[in-house]
Amino acid sequence: MNVSHASVHPVEDPAPATATQVENNPPRVRMDDIEGMPGTLLGLALRFFQFLFAAASLSVMASTSDFPSVTAFCYLVAATGLQSLWSLALAAVDIYAIMVKRSLQNRRLVSLFAIGDGVTSTLIFAAACASAGITVLIDNDLNSCSQNHCVQFETSTALAFISWFAALPSFLFNFWSLASR
């Protein structure tokens, strides 16, 4: 019977690194650890600005008495409220990760962040676009800004767009980190 036999080849154990070798060859930064990802200072700054502009948009729109009469403005209030809560919750997670020096590169966690950021950024963009359309209708086409709160509507819409500009990089960084795995 002709059967092959397994052979074992000895492998030498590398010598432990000395202090000078460690200083000359510092650990390399992985591509996943770039700024803007969850658990980094830039990621926290993006969350802070998302929350700040979404909360400002919400408060400006809610301060008007006649926003409930227009569906697009109600949608903007709902979308900015959701964006505010989402950003505040993830900012707390980022603060925790930064304080304990923990990486948030768990695939399931980043998937949750990417899906949540994608949904909230799509909602805030759609709401801002709808509100912008209504403000243009009221201001330019109907010429009835004197009876409405056009300045507040336009300000709230602009703040919602700025919140979307801060939310989009968070989504792209999270989505990119999922695609690079």
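Here are the numbers for this structure:
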quantity: Of all residues making up segment 94-109, the number that are in contact (Cβ under 8 Å) with a residue 40 or more places away in the chain and in contact with a Gly (Cβ under 9 Å, 6 or more places away or on another chain); calculated: 7
quantity: Selection within segment 139-157 - in a helix (DSSP H, G or I) and open to solvent by 50 Å² or more (accessible area, probe 1.4 Å); calculated: Asp139, Asn140, Asp141, Val151, Gln152, Glu154, Thr155
quantity: Residue that is surrounded by the fewest Cβ atoms within 10 Å (Cβ to Cβ), among those in segment 116-132 that are among the small types (Gly, Ala, Ser) and within 14 Å of Pro169 (Cβ to Cβ); calculated: Gly118
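The values are calculated or read from the model by the stated rules, or taken from the named source; none is laboratory data. For clarity, every value in this text was computed on a predicted model and none was experimentally measured. Every residue, glycine as well, gets a Cβ built from its backbone with ideal geometry; the counts of neighbours run over all protein chains shown. Just so you know, the surface numbers come from the protein's heavy atoms only, side chains and all, with ligands and any DNA or RNA stripped out. Shrake-Rupley method; radii C 1.70, N 1.55, O 1.52, S 1.80 Å.
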